[in-house]
Amino acid sequence: MTINGTLVSLDVEPRTLLVHYLRDHAGLTGTNVGCDTSSCGACTVHLDGEAVKSCTVLAVQADDREITTIEGLADGDVLHPMQQAFHECHALQCGYCTPGMIMAAVSLLDEVPNPTEADVREGLEGNLCRCTGYHNIVQAVLQAAGGDGGGR
Amino acid sequence: MIPAAFDYVRAESAGHALELLAEHGDEAKLLAGGHSLIPLMKFRLAAPAVVVDIGRITELSYVRDAGDHLAIGALTRHRDIEISELVGTQAGLLAAATSKVGDPQVRHRGTIGGALAHGDPASDIPAALLALRATMVVEGPDGQREVSSDDFFTGFLETTIGEQDLLTEIRVPKVPDAGWSFQKFNRRAQDWAIVGAAVLVNGGSCGVGLVNMDSRPVRAAGVESAIAGGADAADAAASAADGLEPPADLNAGVEYRQHLARVLTRRGLEEAGA
Ligand SMILES: Cc1cc2nc3c(=O)[nH]c(=O)nc-3n(C[C@H](O)[C@H](O)[C@H](O)COP(=O)(O)OP(=O)(O)OC[C@H]3O[C@@H](n4cnc5c(N)ncnc54)[C@H](O)[C@@H]3O)c2cc1C
Ligand code: FES
Ligand code: FES
């Protein structure tokens with residue numbers, strides 16, 4: 001599969017989960033495991049550009065596909081606009097949920113470029129944060145969207 | 001949690017999937033979106049020896065206008081149904097129910113066929129398809145057969161799909177002018193329904209499918225005949241839980257679920273214009 005633009009080819013057992021493939025085999029530990037039961041979203045990555053929970057995808061299902069992880073968002077030293085917005089809006093405290101939250105948020109803006117606050121809250125329903133109370137996360141996503149918050 | 005070891009094969013077409021099922025028999029399990037099967041395998045509640053991945057059979061991923069009904073490929077993902085204009089205008093109830101499934105990540109992976117084949121009474125999709133009177137197309141060793149949604153669900157996590165069968169298409173009657181409502185009661189946004197009601201009102205008749213109100217997905221037949229007989233929403237909804245045996249769990253006991261079924265059915269009927 002292609003991970004963050006680089007072709008990666010490793011032999012693994014069919015039962016290897018994508019999240020373990022990324023962390024243990026490809027050495028990309030930015031993607032976290034929270035619940036391991038597809039509830040928390042900490043393990044969210046992009047599969048062909050769409051947010052998925054990598055604890056509930058087999059690595060073989062991503063064979064020949066494009067994966068983007070949190071490590072693949074920034075352009076060198078320049079943060080992705082979503083990362084920059086999280087930074088500026090203080091949208092993280094412990095940071096555990098953050099990689100998954102940012103990947104889900106980027107996927108959301110691909111589908112709904114000018115979301116309302118309600119769109120953001122609903123669009124991030126698959127991601128849990130135990131620290132922030134979500135307020136600043138929602139503000140960060142709205143800032144990154146750069147729209148008028150009017151919807152779509 | 002890691003699934004037990006298995007052999008993996010990828011089916012290139014519907015025909016290839018049927019061949020692989022015939023070859024591996026009851027050792028094999030189909031993998032579509034994997035959002036029911038992979039969690040079961042991680043908990044080791046399922047441990048198939050062979051996993052046949054049908055997730056890339058693009059020929060079974062479509063929404064088509066087929067005259068009086070929509071033809072939806074079994075491998076169509078929830079997300080594609082949720083945003084399909086055809087589904088939205090011709091069977092809005094299905095689009096609404098689908099948009100309530102899990103969260104965006106789940107809807108990017110899960111398929112309509114997987115949700116039906118899994119046969120979970122807690123799933124939102126079967127209730128909508130029961131209300132819409134959909135028909136499932138199943139292919140097996142003896143060819144193709146059509147199964148009405150009423151005959152499709154046979155027990156807890158059981159359907160008429162046999163070990164060598166593949167669900168290929170779902171046929172949903174087009175009802176552009178019908179009123180509808182999908183009522184899902186849960187405590188947190190991404191959760192499964194504690195109880196849900198899918199309501200379709202089409203002229204003087206209606207369809208009501210219930211979520212989590214029995215061991216299998218069911219219709220509230222009493223409500224439907226009451227509406228057909230001229231009852232108003234409140235009177236008709238009073239019989240929503242009659243004859244059903246909902247589960248009791250941490251979220252709700254039997255009586256509370258029966259209460260929810262009546263309230264959600266009434267709200268659904270009212271919203272749908274009964
Ligand atoms: C966190 C989470 C939350 C969820 N919340 C909801 C919810 O709120 N509401 C809801 O309705 N659902 C919910 N789901 C379930 C989701 O809708 C699943 O996607 C769906 O139930 C199964 O679809 P799948 O394509 O992933 O099937 P898979 O997991 O791949 O397969 C499920 C079963 O069906 C069989 N199967 C699949 N396709 C076929 C076929 N074409 N022919 C024959 N057999 C087949 C498989 O062999 C397997 O036994 C949730 C799932 C998760 C992980
Ligand atoms: S670790 Fe995958 S959803 Fe929580
Ligand atoms: S910042 Fe700690 S879980 Fe979200």
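Any read-out appearing in this document is the output of simple, stated calculations on the displayed coordinates, not a laboratory observation. All values derive from a computational prediction rather than experimental measurement. FYI the Cβ positions are ideal-geometry reconstructions off the backbone, even for glycines, and counts take in every protein chain you see.
Solvent-free Debye calculation, one equal scatterer per alpha-carbon of region B:9-98: log10 I(q)/I(0) at 0.26 Å⁻¹ equals -1.18.
Which peptide among A:20-31, B:124-135 comes first, and what is the full order, when sorted by highest mean count of other Cβ atoms within 10 Å? The partial results should precede the final answer.
Details: A:20-31: 18.1, B:124-135: 27.6.
So the peptides A:20-31, B:124-135, ranked by packing, come out B:124-135, A:20-31.
The relative contact order of region B:117-274, computed from alpha carbon pairs under 8 Å that lie at least 6 residues apart in sequence, is 25 percent.
Take peptides A:1-14, B:71-84, B:247-260, B:45-58 and line them up by average Cβ neighbours within 10 Å, highest first, as a rough protection proxy. Intermediate values should be presented prior to the final figure.
On the way: A:1-14: 13.0, B:71-84: 22.4, B:247-260: 15.4, B:45-58: 18.4.
Ranking the peptides A:1-14, B:71-84, B:247-260, B:45-58 by packing returns B:71-84, B:45-58, B:247-260, A:1-14.
Placing +1 on each Lys and Arg Cβ and -1 on each Asp and Glu Cβ, with no other charges, gives region B:81-151 a dipole about its Cα centre of roughly 200 debye. For region B:60-172, the alpha carbon positions stretch 35, 31, 23 Å along the principal axes, listed from largest to smallest.
What's the average, rounded to a whole number, of partner chain beta-carbon atoms within 10 Å of each residue's beta-carbon in A:27-35? Intermediate results must be reported in sequence, preceding the final value.
On the way: counts 0, 0, 0, 0, 0, 0, 0, 0, 0.
Across the residues of A:27-35, the mean count of other-chain Cβ atoms within 10 Å is 0.
Note on region A:57-88 and region B:204-233: Cα centroid distance 47 Å, given to the nearest whole angstrom.
With the Cα gyration tensor of region B:195-240 giving a ≥ b ≥ c as the square roots of its eigenvalues, does the rule (a/c under 1.5 for rounded; else a/b larger than b/c for prolate; else oblate) give rounded, prolate or oblate?
On the way: a/c = 2.28, a/b = 1.76, b/c = 1.30.
The shape class here is prolate.
Restricting to the protein assembly as shown, what percent of DSSP beta bridges are antiparallel, rounded to 5? Please list the in-between numbers first.
Details: 49 of 59 bridges.
Given both bridge residues lie in the protein assembly as shown, the antiparallel proportion sits at roughly 85 percent.
Among B:R109, B:R266, the order by Cβ neighbours within 10 angstrom, fewest to most, reads B:R266, B:R109.
Here the Kirkwood formula puts the hydrodynamic radius of region A:40-111 at 12.7 Å, using every distinct Cα pair. Working note: Debye formula, equal point scatterers on the alpha-carbon atoms of chain A, no solvent; log10 I(q)/I(0) at q = 0.09, 0.12, 0.20 Å⁻¹ is -0.27, -0.47, -1.22.
Taking only the C-alpha atoms of region B:120-172, the Rg (one decimal) and the largest Cα-Cα distance, Dmax (whole number), read 10.8, 31 Å. Averaged over the residues of peptide A:53-59, the number of Cβ atoms from other protein chains lying within 10 Å of each residue's Cβ is 6.
Count the net charge of all other residues whose Cβ sits under 14 Å from the Cβ of A:D48, scoring Lys and Arg as +1 and Asp and Glu as -1. Walk me through the intermediate numbers first.
Details: positive: A:R65, B:R56, B:R77, B:R79, B:R109; negative: A:E50, A:D63, A:D64, A:E66, A:D110, A:E111, B:D80.
Summing Lys/Arg as +1 and Asp/Glu as -1 gives -2.
The charge dipole of chain B, taken about its Cα centre with unit charges on the Cβ of Lys, Arg, Asp and Glu (plus for the first two, minus for the last two), comes to roughly 920 debye.
Normalised by the number of residues in region A:1-146, the average gap of Cα pairs under 8 Å and 6 or more apart makes the relative contact order 26 percent. In chain A, the longest principal axis of the Cα atoms and the axis of helix A:98-111 are about 70 degrees apart.
Dividing the Cα radius of gyration of region B:155-216 by its Kirkwood radius returns 1.04 for Rg/Rh.
Take the eigenvalues of the Cα gyration tensor for chain B, scale each by 5, and report the square roots as semi-axes in whole Å, largest first. Let's see the in-between values first.
Values: eigenvalues 197, 88, 51 Å².
Values for chain B, descending: 31, 21, 16 Å.
The alpha carbon radius of gyration of the protein assembly as shown, expressed as a multiple of 2.2 N^0.38 Å, is 1.00.
With point charges of +1 on the Cβ of Lys and Arg and -1 on the Cβ of Asp and Glu, referenced to the Cα centre of chain B, which listed residue (B:L86, B:V147, B:A134) lies farthest in the positive direction of the dipole? The listed residue farthest towards the positive side: B:L86.
Go through A:K53/B:K174; B:K42/B:K174; A:K53/B:K29 and tell me which ones have a Cα-Cα distance over 28 Å in this structure. Mind dumping the intermediate values first?
Details: A:K53/B:K174 34 Å; B:K42/B:K174 39 Å; A:K53/B:K29 22 Å.
Violating the 28 Å Cα-Cα cut-off are A:K53/B:K174; B:K42/B:K174.
Taking beta carbons within 10 Å but only from partner chains, what does the mean come to for residues A:4-17? Shielding by partners across A:4-17 averages 2. Across region B:106-210, C-alpha contacts under 8 Å between residues 6 or more apart give a mean separation that, scaled by the residue count, equals a relative contact order of 29 percent. Taking every Cα-Cα distance in region B:7-53 and sorting them into 10 Å bins from zero, the calculated P(r) comes out as 29, 55, 16, 0 percent. For region B:181-272, the convex hull spanned by the alpha carbon atoms encloses 81 Å³ per residue.
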